[in-house]
1. Could you run through the range A:106-143 and say how many residues are of a type outside the set (Asp, Glu) and within 12 Å of A:Pro167 (Cα to Cα)?
2. Please work out which residue is surrounded by the most Cβ atoms within 10 Å (Cβ to Cβ), limiting yourself to the range B:73-92 and to residues that are over 10 Å from the mean Cα position of the chain (by Cα) and either among the basic types (Lys, Arg) or under 20 Å from B:Val141 (Cβ atoms) (or both).
3. Filter the strands (runs of 3 or more DSSP E) completely within the range A:86-177 down to those with at least 2 residues that are at negative phi and in contact with a Leu (Cβ under 6 Å, 6 or more places away or on another chain).
4. Could you run through the range A:21-50 and say how many residues are more than 12 Å from the chain's Cα centre (by Cα) and assigned to a helix (DSSP H, G or I)?
5. For B:Arg192, work out the one condition from (1) at pLDDT 95 or above; (2) surrounded by fewer than 20 Cβ atoms within 10 Å (Cβ to Cβ) it doesn't fulfil.
6. Identify, by number, the condition in (1) surrounded by 15 or more Cβ atoms within 10 Å (Cβ to Cβ); (2) at pLDDT 95 or above that A:Asp128 doesn't meet.
7. Restricting to the range A:96-111, what's the tally of residues that are within 19 Å of A:Ile151 (Cβ to Cβ) and either of a type in the set (Phe, Trp, Tyr) or more than 14 Å from chain B (Cβ to nearest Cβ) (or both)?
8. Identify all residues within the range B:194-209 that are facing chain A (nearest Cβ under 9 Å), in a loop (DSSP other than H, G, I, E, B) and over 10 Å from B:Gln60 (Cβ atoms); write none if there are none.
Amino acid sequence: MSDGAPERAWYEIVRDVLKQHDVSLIPYVPDNVLRPLIELLEADPFFNAFSVAREEEGLGITAGAWMAGTRAILLMQTSGFATLANQLASLSVPFQIPTMMIVSERGTLGEFNIGQMLVARTMRPVLDCLAIEHHTVTRLDEVEFIFDRSIRQAVATLGPVCFILSPLLTGGKVFAK
Amino acid sequence: MALTTNQPVTRDQAKVMNRYDITKRMLTYLHHDEAVIGGIGYSNFDLWAASESPNGRRQQNFYMLGSMGLAVPIALGVALAQPKRKVIALEGDGSILMQLAALGTVAARDQKNLTIVILDNGAYQITGGQKTLTDQGVDIVAVAKASGLEQSAWAADESAFEEMIERAMKEDGPWLIGCRIDTNKPVDTTERDPSRIRDQFMRGMGVKK
């Protein structure tokens, strides 16, 4: 850090980039790994962050908001993403709605729940077969570039984008007895 | 809060009305470019049919082509983005049964510019008329009230529906109006061109010029 400023955490960088791009509406289904990001967004009056009961409900809210002029991003964990294939295939992609998603990655790098491990294997194949842009964020020094460029691209190309936050970035969730 | 003087208490007491006729009546009370989000199936088709006019089709309508159950969430997103515009979600009974928690989300946001109209014929009609849960005891208006949508009621008949939609377009919601409807065929079929539907709707919302 040449200017001596303290290094920002991943969730502070994400908050700052969302704000720069005027992404203000944040429906989420909570996750322990996302907790610091959710707390930051809820504490900041720029954002309207609130929990929804299902990820597909959150996707619908972001789609409506986009078409009416407000940018939104949906936060969820890996198992929640697995409930979205139909909505992505029948709403976001064919209608050319740039659905933005942040997924905290479970199921790898120390997973303790076999169900999480198995459902995680469906995530990238679903994204790939719908040709949805996605990036796995593993390094703190890449967070800003990946989010900034990918939000620009989503808006410019009217295509959804999914940011997968690896345990390499967030620390993930480890088994605690 | 009493919505109408002759408000029925239960689904059984509400008159069975015609889907196209009710949709047509609803549209006559829209004078300020209100947004209408049509769910899937015949409620969507009759919205398309009822929205045709000599001046072309209403731009402020959005027609889903899948994503069953998302009419209320999409309408909530529009309502959040444009709090000064009234927004209507037009949804069938089978569809809302898939996403009942969306009613609680609307109540929790206290979304004053949102009205939900449920067209309830108790059947998955487009797939052959199989019974939905509303034909087996589930009362959507009661579910809505229990979810926190206090201003929810069944429309006793056509004139009661008109009274309710007129009021919903003037006063703060959120509102939910339950309409029992028949199983007649829809008048037309929605054109399945999603990019065009989205583009027209965004122009209707003033987001694109």
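1. First, pick out the residues of the range A:106-143 that are of a type outside the set (Asp, Glu): A:106-110, A:112-127, A:129-132, A:134-140, A:143.
Those still in the list that are within 12 Å of A:Pro167 (Cα to Cα) too: A:106-110, A:136-140.
Of the residues in the range A:106-143, 10 are of a type outside the set (Asp, Glu) and within 12 Å of A:Pro167 (Cα to Cα).
2. Kept after step one, since they are over 10 Å from the mean Cα position of the chain (by Cα), are these residues of the range B:73-92: B:73-74, B:76-86.
Now narrow it down to the ones that are either among the basic types (Lys, Arg) or under 20 Å from B:Val141 (Cβ atoms) (or both): B:73, B:76, B:84-86.
Details: B:Pro73: 31, B:Leu76: 29, B:Lys84: 6, B:Arg85: 17, B:Lys86: 22.
Across the range B:73-92, the extreme among qualifying residues is B:Pro73.
3. On the way: elements: A:100-104, A:133-137, A:161-165.
Fully inside the range A:86-177 and qualifying: A:100-104, A:133-137.
4. 7
5. (1)
6. Condition (1) is where A:Asp128 drops out.
7. Quick first cut of the range A:96-111, residues within 19 Å of A:Ile151 (Cβ to Cβ) only: A:96-104.
Restricting the remaining residues to those that are either of a type in the set (Phe, Trp, Tyr) or more than 14 Å from chain B (Cβ to nearest Cβ) (or both) gives A:101-104.
So the count comes out to 4.
8. Just the residues of the range B:194-209 that are facing chain A (nearest Cβ under 9 Å), to begin with: B:194-195, B:197-199, B:201-202, B:205-207.
Next cut, in a loop (DSSP other than H, G, I, E, B) only: B:205-207.
Passing the criteria: only B:Val207.
The values are calculated or read from the model by the stated rules, or taken from the named source; none is laboratory data. Computed from a prediction, not measured in an experiment: that's the story for all the values here. Counting neighbours? That spans all protein chains shown, and the Cβs are built from the backbone with ideal geometry, glycine included.
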